[in-house]
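What follows is calculated from the coordinates using simple rules that are stated; it is not laboratory data. Every value quoted in this text rests on a predicted model; they were computed, and no experiment measured them. All Cβ positions, glycine included, derive from the backbone under ideal geometry; neighbour counts span all protein chains shown.
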Amino acid sequence: MNNPSEQLENITEMITKARDAVYAGTIIDMTKIQGLVQEVCIVIQQNPPADGWEGHDKIISIITNLNLLAEELKNQQKQVEEEAIKKSVPKNQAKT
């Protein structure tokens with residue numbers, strides 16, 4: 001595994017790409033991001049960085065972006081459900 005700082009940058013890039021994909025309406029797979037986050041957490045727990053580590057801000061940014069991604073995924077799911085409902089209602093019933 002790369003050092004934690006490099007890995008955090010990779011995770012940030014992956015989250016950005018995932019958010020772009022969700023914005024474009026693409027379904028995404030979070031498995032790889034989840035695995036990388038878990039790896040970084042294990043490495044940091046096993047070898048805690050010194051105070052003032054530059055990775056702290058990266059971690060806060062990742063958390064913020066994951067929260068935004070979660071909200072965007074909820075919105076995407078809502079839109080998909082709404083479209084499915086619209087498609088399931090016969091056109092002559094939709095206007096009543």
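How do the pairs read when you match residues in the range 5-25 that are without any contact (Cβ under 8 Å) to a residue 40 or more places away in the chain with residues anywhere that are surrounded by 12 or more Cβ atoms within 10 Å (Cβ to Cβ) and outside any helix (DSSP H, G or I), using Cβ under 9 Å and keeping only pairs 6 or more apart or on different chains?
Listed pairs, sorted by first residue: Asn10/Asn2; Lys17/Ile28; Ala21/Ile28.
Would you pick out the residues in the range 1-55 that are outside any helix (DSSP H, G or I) and more than 22 Å from Gln76 (Cβ to Cβ)?
Met1, Asn2, Asn3, Asn47, Pro48, Pro49, Ala50, Asp51, Gly52, Trp53, Glu54
Select from the range 1-38 the residues that are hydroxyl-bearing (Ser, Thr, Tyr) and within 21 Å of Glu71 (Cα to Cα) and list them in ascending order.
Thr12, Thr16, Tyr23, Thr26, Thr31
What pairs can you find where one residue is in the range 29-47 and in contact (Cβ under 8 Å) with a residue 40 or more places away in the chain, the other is of a type in the set (A, V, I, L, M), and their Cβ atoms are less than 7 Å apart, with a gap of 6+ or different chains?
Val43/Met1
Given the residues Glu54, Glu82, Glu72, which is the only one that is surrounded by 10 or more Cβ atoms within 10 Å (Cβ to Cβ) and more than 20 Å from Lys17 (Cα to Cα)?
Glu82
Go through the range 1-31 and give me each residue that's crowded, with 17+ Cβ neighbours inside 10 Å and over 10 Å from the mean Cα position of the chain (by Cα).
Passing the criteria: Pro4, Gln7, Leu8.
Regarding Gly35, is this residue on the phi < 0 side of the Ramachandran plot and among the small types (Gly, Ala, Ser)?
yes
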